[in-house]
1. Limited to region 25-40, what total is found for residues that are within 8 Å of ligand 1 (Cβ to nearest atom) and either aliphatic (A, V, I, L, M) or closer than 19 Å to Ala210 by Cα (or both)?
2. I need the full set of residues from region 170-184 which are at pLDDT below 95 and under 13 Å from Leu158 (Cα atoms), in order please.
3. Tell me, which residue of region 193-222 that is out of contact with any helix residue (DSSP H, G or I) (no Cβ under 9 Å at 6 or more places or on another chain) and over 23 Å from Val87 (Cα atoms) is surrounded by the most Cβ atoms within 10 Å (Cβ to Cβ)?
4. Determine whether region 5-21 contains at least one residue that is within 15 Å of ligand 2 (Cβ to nearest atom), closer than 11 Å to Val202 by Cα and touching a helix residue (DSSP H, G or I) at 6+ places or on another chain (Cβ under 7 Å).
5. So, in region 35-48, of the ones that are within 24 Å of Ile246 (Cβ to Cβ) and outside any loop (DSSP other than H, G, I, E, B), which residue ends up farthest from ligand 2 (Cβ to nearest atom)?
6. Here is a list: Val87, Val106. Which entry is out of contact with any strand residue (DSSP E or B) (no Cβ under 8 Å at 6 or more places or on another chain) and surrounded by 14 or more Cβ atoms within 10 Å (Cβ to Cβ)?
7. Of everything in region 232-251 that's closer than 17 Å to Gly222 by Cα and polar (S, T, N, Q), which residue is farthest from the chain's Cα centre (by Cα)?
8. Need the failing condition index for Glu187 against (1) in contact (Cβ under 8 Å) with a residue 60 or more places away in the chain; (2) in contact with a helix residue (DSSP H, G or I) (Cβ under 6 Å, 6 or more places away or on another chain); (3) away from ligand 2 (no atom under 16 Å from the Cβ); (4) of a type outside the set (A, V, I, L, M, F, W, C), just the number.
Amino acid sequence: MNIKFHIQDLNFYFNNNKVLKLINFEIPANIILGIIGPSGSGKTTFLRALNRMNDLESGSRIEGQILFDGEDIYSSDYDVVALRKRVGMVFAMPVPLPMSIYDNIVYGPRLSGVNDKKRLDVLVEKSLTAAYLWDEVKDRLKTSAMRLSGGQQQRLCLARVLAMEPEVILLDEPCSGLDPISTAKIEDALTELKKEYTIILVTNNTKQAARVSDYTAFFLMGDLIEVGNTGQIFTSPNKTETNDYITGRFG
Ligand SMILES: Nc1ncnc2c1ncn2[C@@H]1O[C@H](COP(=O)(O)OP(=O)(O)O)[C@@H](O)[C@H]1O
Ligand SMILES: [Mg+2]
């Protein structure tokens, strides 16, 4: 099995507050990893550690190693800009740019030097199709993205990440503000996308992890309590904390 990330003895601090505690596990390629756990458990911090987004927070400090395709992403000569291109991110609140649907998608590719109109057109159709949005917007690509519904905006944000042709997609509670139909479309898109990408999905909805994840990791107060096949985690977890959380006893 091809391993995308090796996480080794990872500790993470905000000032003196240790928010990730000695995390060790591996994330295989071409799967959906669901990350569950109550609020404040370190899920977002963990996700942002994978593409060094936390570097932007003052007072943050990391110990241990994260290897991406075998390379230590925190080594001093690692190319962070290239990393963030290879490891794209979708946030909880969709934030389209105040421009057309088309321009939203081509914004990133243009910045990274793609200017050929035909190539951009292909990228737009391909990304929107993969994000399960193409059919709904193909006749109005030049209209403002701000006019899309919340669920459509979130799929647009996914399409924007796909247009950068990453290898890994990080999603932080991408469906938290969405209705069930929009949520189902995102879930269908992710299930299709894992053939080509590695997907890491933080979700506040354990049922969502049970539905779409191949592997599930349960974080609690900065500890990785348990990680394994989603079927096993949800039917016969090894730890009582996991069982209590997935059965809704807390969270
Ligand atoms: N930028 C930050 N500065 C200081 N503390 C932070 C920052 N971001 C998160 N934290 C703290 O880190 C811990 C983990 O937060 P987070 O990763 O957001 O958890 P989750 O996503 O599971 O809700 C919390 O105690 C939170 O208050
Ligand atoms: Mg969070």
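The values are calculated or read from the model by the stated rules, or taken from the named source; none is laboratory data. Predicted, not measured: the structure shown is a model, and the values here were computed from it. Cβ placement follows ideal geometry from the backbone for every residue including glycine, while neighbour counts extend to all protein chains displayed.
1. Total meeting the criteria: 3.
2. Within region 170-184, Ser182 is the sole residue that qualifies.
3. Met221
4. no
5. Checking each candidate, the answer is Ile36.
6. Values: Val87 fails: out of contact with any strand residue (DSSP E or B) (no Cβ under 8 Å at 6 or more places or on another chain).
Going through Val87, Val106 in turn, the sole match is Val106.
7. Applying the filter and picking the extreme gives Thr240.
8. Going through (1) in contact (Cβ under 8 Å) with a residue 60 or more places away in the chain; (2) in contact with a helix residue (DSSP H, G or I) (Cβ under 6 Å, 6 or more places away or on another chain); (3) away from ligand 2 (no atom under 16 Å from the Cβ); (4) of a type outside the set (A, V, I, L, M, F, W, C) one by one, Glu187 breaks only (1).
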